[in-house]
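Peer 1: Before anything else, here's the structure in question.
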Amino acid sequence: MPDPRLLRFELIIVLALSLGAAAVRAVINFTDVVTRPGGLNDYAANLNSSRADRPWFDLAWQLVSISVPLVPVLLVGYLLLRELPAGRGPGMRAIGFDLRRPGFDLGWGALVAAGIGGSGLLLYLGAQAAGFNLTVVPESLPGEWWKFPVLIASAIQNSVVEEVIVVGYLLRRLSQLGWAPIAALLFSSLLRATYHLYQGIGGFIGNFVMGVIFVLLYRRWGRVMPLVVAHAIIDIVAFIGYAVLAGRVDWLPTP
């Protein structure tokens, strides 16, 4: 194995380029909102919003915002290949990010999504009604032909970036650095919760619990792919469901 100092430096760089930076931004955003007058539910957290007033430029910006965050995932794949000389390392297979078991990944991913997605929605609605959460706006894109493909692509990007980095890669590196399993589990889950803090306290708690469950499942299966599938399904349902239901049902909070 490389020098532990190099592994620590590598880990810091990967997180600083991806979810560690997102955690810092989320903390700043939450601090800004919580120190303003009113309750958290008086403010909104916009996830997929328009970036230009002309549709084709808006689409171009959407594609860029989806593509660029995937670069750290490519970096992780490269670093895993470099674990052995001449690039003979295991690569993404080391964390189970591959297509070797599609039936297993899709089946378990769908089951996990059903369980976590339903309970997560109830937690969000309760926290938002109690004033502990911002009003989350999953999408506010214009009604162009590319709206739903962009939402699906955004959901898949979220799932790949988060599960590959905060579960597969992070746990592998922390194990190589000698962290105790419980410490690695808590760090991974706390990181996930922190970069979702922009949603409010409910989002923090819900994602911490999700992080614990995902780490335990990853350790049981040795594969990150079912978690990617589960996360993608959860986000796709949330994004498209909001686009279809917002303003048409009374139970779904809107700004």
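Peer 1: Would you mind finding the one in 47, 6 that is open to solvent by 50 Å² or more (accessible area, probe 1.4 Å) and either within 27 Å of residue 246 (Cβ to Cβ) or touching a helix residue (DSSP H, G or I) at 6+ places or on another chain (Cβ under 8 Å) (or both)?
Peer 2: 47
Peer 1: Given the condition modelled with pLDDT under 95 and either touching a Pro at 6+ places or on another chain (Cβ under 7 Å) or farther than 28 Å from residue 240 by Cα (or both), answer yes or no: does some residue in segment 110-117 qualify?
Peer 2: no
Peer 1: Tell me which of these residue 97 doesn't satisfy, since it passes every other one: (1) in contact (Cβ under 8 Å) with a residue 60 or more places away in the chain; (2) open to solvent by 60 Å² or more (accessible area, probe 1.4 Å); (3) outside any helix (DSSP H, G or I).
Peer 2: (2)
Peer 1: Out of the residues in segment 80-93 that are over 20 Å from the mean Cα position of the chain (by Cα) and part of a helix (DSSP H, G or I), which is nearest to residue 215 (Cα to Cα)?
Peer 2: Of everything passing the filter in segment 80-93, 93 is nearest to residue 215 (Cα to Cα).
Peer 1: Continuing with the same structure: When you go through 123, 134 one by one, which is the residue that is open to solvent by 30 Å² or more (accessible area, probe 1.4 Å) and within 20 Å of the chain's Cα centre (by Cα)?
Peer 2: 123
Peer 1: Are there any pairs, at least 6 apart or on different chains, whose C-beta atoms fall under 7 Å, with the first in segment 27-49 and over 11 Å from residue 199 (Cα atoms) and the second in a loop (DSSP other than H, G, I, E, B) and modelled with pLDDT under 95, and if so, which?
Peer 2: 39/131
Peer 1: Please enumerate the residues belonging to segment 235-255 that are open to solvent by 40 Å² or more (accessible area, probe 1.4 Å) and under 14 Å from residue 47 (Cβ atoms).
Peer 2: 236, 237, 238, 240, 254, 255
Peer 1: Quick one: is residue 180 more than 10 Å from the chain's Cα centre (by Cα), more than 25 Å from residue 238 (Cβ to Cβ) and open to solvent by less than 10 Å² (accessible area, probe 1.4 Å)?
Peer 2: In short, no.
The values are calculated or read from the model by the stated rules, or taken from the named source; none is laboratory data. Predicted model only: the values in this text are computed from it and were never measured. As a convention, Cβ positions derive from the backbone with ideal geometry for all residues, glycine included, and neighbour counts pool all protein chains shown. The area values use the complete protein model at the heavy-atom level, side chains included, leaving out ligands, DNA and RNA. Shrake-Rupley method; radii C 1.70, N 1.55, O 1.52, S 1.80 Å.
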